[in-house]
Amino acid sequence: MVNTPVQVCVRTRPTAFFAQDVIVLDESKKSIEIKNKGRSGKQSGNVNYLETKKEDYSFKFDKTLHNVSQDTVFNECCYDITKSFLEGYNGTVMAYGQTGSGKTYTMIGAANNYKNRGLIPRAIQQVFAEMSNYPEKSFTLRVSYMEIYNEQLFDLLSDISDTQLAKAKNDAYDDNMVIMEDNKGTIMVRGLSCHIVNSEEEALSMLFEGETNRAICEHQLNKASTRSHCVFTMYLESRSRVESEGQTVQSKLNLVDLAGSERVSKTHSSGLVLTEAKYINKSLSFLEQVVIALGNPTREHIPYRQSKLTYFLKDSLGGNCKTLMIANVWGEEQHIEETIGTLKFATRMMRVSNEAMINVHMNPDALIKKYEKEIKELKQELSMHDQLRGINQANYDPYTEEQKVELRKEIRSYVNGEVEELEIKNIRRIKEIFVQFKTLLKEASSFTEPESIHSASNREKQQTAPASNFAGKIHEEKIHEENGVGEVESKTGFGFGEAKPNVDFQKKTKKATVLSAREERSTSAVVPDTERSKTASKIIMPRNDAFEEFKHTVGKQLSESIKENSASLKEKKSLFKNVTQRLNDIKADIDNLKTKIDKKQVENAHLGDDIVDEEEMLFFQSIKERKETYKQSFEERKMLKSEIDYLEKALETLRQSLVADFQAYYDERYMEEEDNRPTQSSRSSRYRGLDQEGKEDVLDEGEKFEKLQIERLQQEDPESLNYYLAYKKASKVKKSVNRRQ
Ligand SMILES: Nc1ncnc2c1ncn2[C@@H]1O[C@H](COP(=O)(O)OP(=O)(O)O)[C@@H](O)[C@H]1O
Ligand SMILES: [Mg+2]
């Protein structure tokens, strides 16, 4: 916020009869002395109705311009404000003075004479010239042109229709335009047409069109242009093309040609003239009141609302604006009273202080767009980060049980067609989706199995069902791969593609296939088959040795976790086997008892249906007890089954992580090291020999190019080398990720 007092500049109208004895101008001191006391000169009977005492006056202004060109006036009075306008400050330049003193000439100039064009066309020119100096900004310029006459607002840039004119002749004319103030205190005119202009020519055309309309109005309504206030406004909206898309800077520049300030005696006015005089006097005297109030620091209320002009100028006087007033005066002695009046008002105006600031607006639509773009980019960034992280560290947490349940729900909705697609956010999620799909598939297929535990389970629910309805023996194959976790029992904890010898053939084959396929994937993902022979000579440490090393160092925690889970799984499976055995035994008992009862019933048939002997009673008792035990064991088995399922899934995830971690570990240590560190003491001489020997042989075209590139950078721009190497590394990781997917 800049504290900016209203600037005042006095311009004298050139004349051959300048009252140099009375008006003493000192341009260097910016002062004007009025030697009024001893003056004997006559005054114009027409104009001077003031009862001014003949006193001397001494005024000091920001600028005094005497006999100067339009160009000078612009540079001295308007250039800076126009420049500020382009930076986002509001600006107001207004011409004040008695009729004929040169206000219109100053603001608009001689329309047919380019050299004598006024401030408005010059400001337009400057705006377009300066806009081209900021290619990084995008500008929208609008213009409006309004006239205030008899407290009525006229839009000089809208069609002046007959009805409008007819209405305007009427005192009760409703111009549909309302002066308003926004929540930031910026004044605007609702209903006033604003026109986008894309060139200096277009903007000037608007000014000239407004001038024509003003002349038509003046003629049709028989009004005197000297009695109206005209405001040409430029509205600028700028936004950066490179940053802060949601932010716009908005400013306006009011260029005001005020009505003649002369005090018209009411006694000399009649009819229309009286009305005009009343309004003009009113509006300018209200302006004076506002200016006086603003110059008084103790004054709290400023009567802006008393007239359209003062309300319109509210933010220009005492508001957020850089304001300059040009006080136009006649140089002839006959106008001295009016000149004194103008200079007095101008002095008061200098006490008005504004606080200008750049008007930054946040455009909500643009902001949303900006944020959406940012979110999209961040999501991409995050996904990339996840991918890289998955490879470099591969220690991403497994899904929690809650997350899995949630994901399963999503998958179900997807399978049921309730959602169109599953959102793919990162590799971790993709993996878990596969795992959950597998689980769901398993669950679905287990529904279709006709016999064994499920049929037993259903029947078991019917407490009254006879024991003979129990299904046959519960088969052990419900728990697959009983011994299939054998590989984790090997001394390495997790056999890298090797099955345990004591696993039976079928199971071994199945598991070994799964594992070696996984290994194959992860290996071929990094080194495609076709390239493997080429890169093989680069591998210093055999994979199995490296894996051993990895399990005891970086992968220790994961490896231990796998061991623990495997042990737990083995234990549960063993328990499961026992319970299954128990269930089968119970079922055999029940079948046996049932046979005995049947036999007993045949034996006792002659006694009648209702007669049960003691032995038969005991059989029934035993069946009931066995069924109870069966139920408990069945529940136990069910529980064990779900624990085993969970452990198997957890192990699968852990193994995947271990393989991925190891792959990254191996690539980093034993694959890429080749480029940067050709020898290392820890390597065996056997491998070193192979390394040195193989090095020249295996350099393919890409590698040769890379080597040359590094050599070139080392010479030309060593500082960029780190960047280049890091970039190469990131690209490799990225490629590797893509291959794995
Ligand atoms: N600085 C000046 N140089 C030349 N002519 C001027 C100057 N100021 C005013 N005039 C002329 O004086 C006349 C009245 O000026 P005008 O701008 O219409 O006064 P106002 O708008 O204050 O009533 C016009 O013919 C105008 O061309
Ligand atoms: Mg004029």
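Laboratory data are not the source of any read-out in this text; all were calculated from the coordinates shown. These numbers come from a predicted model, not from an experiment. Using ideal geometry, Cβ is built from the backbone for each residue, glycine included, and neighbour counts are taken over all protein chains shown.
Inter-label distance, ASN592 to GLN306: 11.9 nm, where each label sits 7 Å from its Cα along the C-beta direction. Taking amide H positions as modeled 1.01 Å from N, with prolines and chain starts lacking one, the residues under 5 Å from VAL8 and 5 or more places away or on another chain are ASP62, LYS63, MET325. Take the Cα of ASN113, step 7 Å toward its Cβ, do the same at ARG351, and the gap between the two points is 3.9 nm. Summary of packing: across the peptides 103-113, 61-71, the per-residue average of other C-beta atoms within 10 Å ranks them, highest first, as 103-113, 61-71.
For the pair GLU420 and ILE216, the difference between a 0.36 nm per residue extended length and the Cα-Cα distance amounts to 66.8 nm.
Label-to-label distance, VAL68 versus ASN176, with points set 7 angstrom from Cα along the beta-carbon direction: 4.3 nm. Once the Cβ-Cβ distance of LYS409 and LEU708 is raised to the sixth power relative to R0 = 51 Å, the FRET efficiency obtained is 0.40. Available extension along the chain between LYS442 and THR629 is 64.4 nm, counting 0.36 nm per residue and deducting the alpha carbon span. Relative to the current alpha-carbon distance between GLU33 and ASP545, full extension at 0.36 nm per residue lengthens the span by 174.0 nm.
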